[in-house]
Amino acid sequence: MLDLSTRAPVPIARVEQPRYSAVAQGLHWLTAALVLAVLPLAWIATSLPASPAKGFYFQLHKSVGITIFAIVAIRILWRAWHPAPPEVFVPKGLAILGRINHWLLYLVFLLMPLSGFVMSAAAGNTTQYFFLFPIPPFMAKNEAVAKLADQIHLAGQYAVYALVTLHVLATAWHLIARRDALLDRMLPRQDV
């Protein structure tokens, strides 16, 4: 009988995925952190009664939202000049679904701050960008526009929940079920 206890373990070959650039990775994780910040700020602000604290949290929420808009715009420009690396170990159909989800995320992360800013501006409110400088409303007060922007913002909220959840679940599925190292594409290379 062969004694297996003395055999050296066979190393498992790690699949090497083509990676996004360090800039793309940084912008991705910065966007994720800002999204994780903007949602609780909105939940806190909407749960408070009318007070200075409510205004404070709404100003932070709007500031983070404007920052998300700017970062996502930069991401789209960066991606235009630096295309995504190929998905060499992912079936074509899954790759297409992933790209659709990514572009929908870009769209919703542009639409949410834009609709929020229009809603605020149409209500006649000035946004204090992180209390550093004011961004005045660019339009006259308009209740109909404010209501429409509010409806778009509310629908976008549920789109954010759905698309981010799908993105995270798909990543977990690639990590746990497929074990295809797809997450490595968005992580710095670990030289061992």
- Would you pull out the residues with amide H under 5 Å of residue 128's amide H, same chain only if 5 or more places away, H placed 1.01 Å from N? 135
- Query: Gaussian network model of the chain, Cα springs within a sub-10 Å range: biggest mean-square fluctuation belongs to which of 21, 51, 63?
  - Reply: 51
- Inter-label distance, nm, simple model (7 Å from Cα along the C-beta direction), residue 103/residue 151: 2.7 nm
- With the dipole of the chain defined by +1 on each Lys or Arg Cβ and -1 on each Asp or Glu Cβ, the option from 88, 67, 157 whose Cα lies farthest towards the positive pole is 88
- With Cα atoms, 0 to 90° folded angle of helix 22-47 axis to the chain main axis: 50 degrees
- Excluding ligands, DNA and RNA, the carbon-plus-sulfur percentage of the accessible area of the range 108-175 with a 1.4 Å probe reads 73 percent
- Would you calculate the separation in nanometres between label points at residue 167 and residue 131, each defined as 7 Å from the Cα along the Cα-to-beta-carbon direction? 2.9 nm
- Item | Bins of 5 Å, starting at 0 and running to the largest distance - Cα pair percent for the chain | 1, 7, 12, 17, 16, 12, 10, 8, 6, 4, 2, 2, 1, 1, 1, 0, 0, 0
- So if R0 is 30 Å, what FRET efficiency would residue 30 and residue 51 give, r being the distance between their Cβ atoms, rounded to the nearest 0.05? 0.45
- Give a quick list of trypsin sites (Lys or Arg not before Pro) in the range 69-177 that DSSP marks as loop, anything other than H, G, I, E or B, with at most 12 other Cβ atoms within 10 Å. 141
- Where does helix 52-81 land angle-wise versus the long Cα axis of the chain, in degrees 0 to 90, nearest 10? 50 degrees
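The values are calculated or read from the model by the stated rules, or taken from the named source; none is laboratory data. The structure presented is a predicted model; accordingly, all values stated were derived computationally and were not measured. FYI the Cβ positions are ideal-geometry reconstructions off the backbone, even for glycines, and counts take in every protein chain you see. Just so you know, the surface numbers come from the protein's heavy atoms only, side chains and all, with ligands and any DNA or RNA stripped out. Shrake-Rupley method; radii C 1.70, N 1.55, O 1.52, S 1.80 Å.
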